[in-house]
Amino acid sequence: MLRESVFTDITINAAGGSIRAHRAVLAARSPVFLSMFSHALREKELSTVDTPDMSIAACRAFVRYIYGASVSEEELLAHRSELVAAGDKYCIANLKETCEESLGKDVGTENVLQRLQMAHTYSLAALKRTCLRLLVDFGKMYEILEDFMEFTDTSDPELIGEIKRFAFSRGRKFPATRREGKASAKMARRTSVRKSTPRHASGTTQAKRTVKPTPNQASASIPAKRPRGSSVRKSTSGQDSDALPDKRVKRANVRLAGDKWAPPASRGTR
């Protein structure tokens, strides 16, 4: 049916050519095609589907898989990267699984980062785990450290977080990314500058530091209040001495006569 193009009613335009197909078959195998042909979209009005991101050879293999649910091993190996993208775009789960299985068989040091990115983009859990095990368990991320650093700088942070968590769960040390390395180097330079710079420049007058006294020191520095009525007199040595209060002086200079107070004797009498 496909080869003879009998009663075809839709044209699939790819990079380098086009293929005639049947809407009913495409809609039966793909919910995306069904939505295209059911609603008033461009594909329904013009009877064409544009796939510029797929080569004509990959498009032929894609359409043959839709009609026959299978693809030759040669075509699969040649176009599996494009086919897995088409399977994800048009929601053909069986095609994605077939490509994922094939992509996981020959993962190596030279393509592990590419396959890991592909697995993350198209949600291929089995392929992603295969790539993570190769990078972490077998230590390949240290063998391709320069490429791995570049990969961590340009990839999705969510994917980098998955790699870190997988490495930590396996007890492996994750190499610092270039961003983290630049941040730590910048912090180290700041720390070294602070340590090498003196607090006061030489040849300049150091500013006096004002130390705020504690409450105990403040109370100790304040002179004690003198009692009321006290007077201050200077001694012969020039130092101040506290005089007794007036009432105490009077009482000290009186004599007790019997039970009564007697005034002191005058200075003239002995």
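The values are calculated or read from the model by the stated rules, or taken from the named source; none is laboratory data. Note that the structure is a prediction, hence the values are computed from the model and not measured. When we count neighbours, we look across all protein chains shown, and the Cβ atoms used for this are built from the backbone with ideal geometry, even at glycine.
Structure notes:
- Within the stretch 53-89, considering residues that are of a type in the set (S, T, Y) and either in contact with a Lys or Arg (Cβ under 9 Å, 6 or more places away or on another chain) or within 15 Å of I19 (Cβ to Cβ) (or both), the one surrounded by the most Cβ atoms within 10 Å (Cβ to Cβ): Y65
- Flag for T98 being surrounded by fewer than 20 Cβ atoms within 10 Å (Cβ to Cβ) and within 29 Å of S30 (Cβ to Cβ): no
- Members of the stretch 5-20 found to be of a type outside the set (A, V, I, L, M, F, W, C) and not in a loop (DSSP other than H, G, I, E, B), listed by number: T11, N13, G17, S18, R20
- Among residues of the stretch 84-100 that are in a loop (DSSP other than H, G, I, E, B), those with a beta-carbon under 7 Å from a residue that is of a type in the set (D, E, K, R) at least six positions away or on a different chain give the pairs I92/R29.
- Of all residues making up the stretch 21-52, the number that are surrounded by fewer than 17 Cβ atoms within 10 Å (Cβ to Cβ) and in contact (Cβ under 8 Å) with a residue 24 or more places away in the chain: 6
- Single match in K96, K105, K44 (criterion: more than 33 Å from the chain's Cα centre (by Cα) and either within 30 Å of R170 (Cα to Cα) or modelled with pLDDT of 95 or more (or both)): K105
- Any pair with Cβ under 7 angstrom, 6 or more apart, that starts in the stretch 57-75 at a residue that is outside any helix (DSSP H, G or I) and ends at one that is buried (at least 19 other Cβ atoms within 10 Å of the Cβ): V71/A61; V71/Y65
- Test: residue in the stretch 48-67 that is on the phi < 0 side of the Ramachandran plot and in contact with a Gly (Cβ under 7 Å, 6 or more places away or on another chain): yes
- Matching option when the condition is in a helix (DSSP H, G or I) and either under 18 Å from I12 (Cα atoms) or in the same structural domain as A28 (by TED's automatic domain parsing) (or both), among R133, R115, R80: R80
- Of all the residues in the stretch 21-50, those that are assigned to a helix (DSSP H, G or I) and aliphatic (A, V, I, L, M) number 9.
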